[in-house]
Amino acid sequence: MKGSNYMRKGLQLAGLFIIALVLIGMLLIPAANRNLQAVPVAVQPEGTPTQLLVTETPSQPTPVTVFEHDYGAWHVTAQRDSRLSASVTFDGSSTGGLQAYAQANRVLANQLAGSNGQVEIAITFRSLLQPEQYRYWVASHGMTVAVTGLRTHITEWNDRGGLGVRPRAGEVLPEASLNLPNATVQGVLGANGQVPASELPAIAADPLVFIPDVTTTIVRQDLVAAGLPVNEVANASVHQLGSPFWFMENLGLSNFEH
């Protein structure tokens, strides 16, 4: 009997405790609500179609090869994606490959000598020219320079580097471009630009020049002959994959002195 009495009293106390918790909660909740700010919620009218914001990544056109030809000592591949571009490749891994590429360009340069006007050309010298010697060379051949290629020595890395310099204020190679904060200019390795067609034989025979590269002009001519639009070809990017002078250094410049 006593055990039953104790159980009833325990249940009564537990019930009173639960009732007390409920009453306290009812008192606290309104007080908490008074500190809350109503946040307006935009409700989409029933039946309105849901709109999803989808961001699409613009797809890049897949390059399509429109022209390819093997010229023996060099090869060209022209592709069209958003624009037309052509890549000229040659064997830069051997002395013989570079010599063959240089000789092929000498022959082409002489063939283009009868053309009218200016011819695109990329000059690679046999060894580095000093700035004043280079400026004299440009003037003597009537070259309009687009970019001068410099060989630099990067102090921090103790390694070779390259720098392209554009003419400025009438100077083919501005003196200010030779003063670099973290590198030393060792000389001029080559240049890109245009020359009068009549000057090509003299450039091809110049003992300072290793490669009188006229492949850009040949590629443009052959692209037009293959039926590509003249305006598109004129605006196409034609570039050589690899710098001949870097390859020459790798193989030893002494192999290209004569």
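The values are calculated or read from the model by the stated rules, or taken from the named source; none is laboratory data. Given the structure is predicted, the values throughout are model-derived calculations rather than measurements. Cβ placement follows ideal geometry from the backbone for every residue including glycine, while neighbour counts extend to all protein chains displayed. Heads up: the accessible areas ignore ligands, DNA and RNA and are worked out on the full protein's heavy atoms, side chains in. Shrake-Rupley method; radii C 1.70, N 1.55, O 1.52, S 1.80 Å.
At a probe radius of 1.4 angstrom, the accessible area of the range 210-258 per residue rounds to 47 square angstrom. Projecting label points 7 angstrom from Cα along Cα→Cβ for residue 69 and residue 139 puts them 3.9 nm apart.
Going by the alpha-carbon gyration tensor, a ≥ b ≥ c the square roots of its eigenvalues, is the range 146-258 rounded (a/c under 1.5) or, if a/c is not under 1.5, prolate (a/b greater than b/c) versus oblate? Prolate is the answer for the range 146-258, as a/c is 1.5 or above and a/b outweighs b/c.
Ordering 202, 244, 215 by the projection of their Cα atoms onto the charge dipole of the range 197-257, which places +1 on the Cβ of Lys and Arg and -1 on the Cβ of Asp and Glu, puts 215 at the extreme positive end. In a reduced charge model with +1 at each Lys and Arg Cβ and -1 at each Asp and Glu Cβ, the range 138-226 shows a dipole moment near 120 debye about its Cα centre. At what distance in angstrom do the alpha carbon centres of the range 129-155 and the range 170-193 lie from each other? About 7 Å separates the Cα centre of the range 129-155 from the one of the range 170-193.
Taking a ≥ b ≥ c as the square roots of the Cα gyration tensor eigenvalues, the range 92-184 comes out oblate, since a/c reaches at least 1.5 and a/b does not exceed b/c. Using the Cβ of residue 247 as centre and a radius below 15 Å, the other residues enclosed give a net charge of 0, where K and R count +1 and D and E count -1. Please state the shape class of the range 100-142: rounded when a/c is under 1.5, otherwise prolate if a/b exceeds b/c and oblate if not, all from the C-alpha gyration tensor. Oblate, because a/c is 1.5 or more while a/b does not exceed b/c.
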